[in-house]
C-alpha cells in the first residue's frame, strides 16, 4: 500500500536528498505502492560531511481468505529459492563486522568470493522480489513463503 522513509544527515544537501527520494519513489512505483512521506533530519556532529542514513518501512494488506499460512505444504512440493543480488538488510551486519575488527576491509578491497570490491558490493541495488512473488501468488502456485537470511535454506529450512 505505502512506504515511508527516514533520511538523516549532518547537513542536508538538497541535490543528494532529491536523488535518494527520487530513487525511493521510482522503486515504489515499480512495486505498486505510494511513497506517502517520511522524515528528514539534520544531525550535525553525528554524521560526517557527505554521510547520511536511510531507513524505511512498507505497509501492505491481504484479504483474510488469501493469507498464505503454509498449511497446504506436503511432501513432494517444490522448494524454490530466488537468488539474491547481494547484501540485503541483515547482510549489512556481517559487512560492518568485516569493515571493523575482523578483516579490516576498505571499500577498495577486492574480495575473491564476491568477485568485486567491497564498496561496489555494498552499493548494489536491493532487489525487490515482489513482482516475481506476486505473479506466483496470483497463479495460485504458492503454499508457503519464507524470508531466508543468515544460514540460508540448508541451515534454516531443512532443520
### Message
Using C-alpha positions alone, give me the convex hull volume of segment 1-61 per residue in cubic angstrom.
### Response
65 Å³
### Query
Suppose R0 equals 35 Å; then what is the FRET efficiency for residue 15 and residue 67 from their Cβ-Cβ distance, rounded to the nearest 0.05?
0.20
### Query
When the gyration tensor of segment 80-148 is built from Cα positions, what are the square roots of 5 times its three eigenvalues, in whole Å, from largest to smallest?
32, 12, 9
### Query
Comparing 126, 88, 147, which has the greatest mean-square fluctuation in the GNM of the chain with Cα pairs linked when under 10 Å apart?
147
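In what order do 120, 125 fall by count of nearby beta-carbon atoms within 10 Å, going from fewest to most?
125, 120
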### Hypothetical label at residue 92: residues of segment 29-47 whose amide nitrogen lies under 18 Å (7 Å Cα-Cβ projection)
38-43, 46-47
### Message
Here are labelled values, [x] 33, 24, 13; [y] 70, 41, 11; [z] 21, 20, 17, and one is the computed semi-axes √(5λ) of the Cα gyration tensor in Å for what I pasted. Which one?
### Response
[x]
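With a 10 Å Cβ neighbour count serving as the proxy for reagent exposure, in which order, fewest first, do 62, 142, 118 appear?
Numbers: 62 9, 142 15, 118 19.
Fewest-to-most Cβ neighbours within 10 Å comes out as 62, 142, 118.
What ranking do 28, 33 get, fewest neighbouring Cβ atoms within 10 angstrom at the top?
The fewest-first ordering by Cβ neighbours comes to 33, 28.
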### Query
For residue 47 and residue 2 in the same chain, what is the full-extension length gain: residue separation times 0.36 nm, less their Cα-Cα distance, in nm?
13.4 nm
#### Entry: Inter-site label distance for residue 113 and residue 31 at 7 Å from Cα along Cβ, in nm
2.7 nm
## Note on the structure
Summing -39500 (n - 2.57) over every DSSP H run of at least 4 in the chain, dividing by its residue total and rounding to the nearest 500, the 222 nm mean residue ellipticity is -8000 deg cm²/dmol
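Read-outs throughout are calculated quantities, based only on the coordinates presented, and are distinct from any laboratory measurement. On a predicted model such as this, the values are computed, not experimentally measured, just so you know. Ideal geometry is used to build each Cβ from the backbone, glycine not excepted, and the neighbour counts take in all protein chains shown.
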